[in-house]
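Written below as structure tokens is the structure these notes are about.
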Amino acid sequence: MAPSSTASAAPTEKGYVINWLNGNDLSQCLTVTNGQYYNGSPVGLAPCGSVNEGQRWVYHPSGVTSVRAAGQNYCLDFGDGGGYDGVPMKLWQCYPGLFQQTLYYTGTNHIAVYNGNQCLDVEAGTSNVQGWQCSGDDVHQLWQNGFPA
């Protein structure tokens, strides 16, 4: 009798959600807004939950890191140079050490460009996420290190 082989699907990479700290409201999560992964995919806010693949992120919650879409080779990217206010957040192919993709989670709940002055920021009154000069008390820039998704 010949041995049988069974093919199994590759396991889905686990990731974490990243919640916007909007006061006591943690219902909005960082999301690949169109569910598509390509250079320039927009990233914004959407209601958390329903096992949204576009809300799973892989990163190190302490120290220097990239923030990568789970199961993909696309990272949060602050744009050319990562130094201009209002640049829409997007995904871009991950390049280790690329300035605009080298981030860290600060002790004050910000996700910031390492050795830069830009933080992940929610545009007031919208679900748009952008880069903006870091401000310690700006509620539009406060994020909760996520829970497993």
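Any read-out appearing in this document is the output of simple, stated calculations on the displayed coordinates, not a laboratory observation. Please read all numbers here as calculations on a predicted model, not as lab measurements. Note that we place each Cβ from the backbone using ideal geometry, even for glycine, and neighbour counts take in every protein chain shown.
What full-extension length gain, to one decimal in nm, is calculated for T106 and D80 as 0.36 nm per residue of separation minus the Cα-Cα distance?
7.2 nm
According to a simple spin-label model (label point 7 Å from Cα along Cα-to-Cβ), what is the distance in nm between Q93 and Y38?
Reported label-point gap for Y38 and Q93 is 1.4 nm.
Between H60 and K14, with labels modelled 7 Å along Cα→Cβ, what's the label distance in nm to one decimal, could you check?
1.9
Regarding the chain, what are the three Cα extents along the principal axes, ordered largest first, in Å?
Largest first, the chain extends 69, 33, 27 Å along its Cα principal axes.
With label points built 7 Å along Cα→Cβ from the Cα atoms of N115 and N145, find their separation and express it in nm.
2.4
With a cut-off of 8 Å between alpha carbons and a minimum separation of six or more residues, what is the relative contact order of the chain in percent?
25 percent.
Quick one: what Rg and Dmax do you get for segment 45-129 from the alpha carbons, in Å?
So, for segment 45-129, Rg and Dmax equal 12.5, 36 Å respectively.
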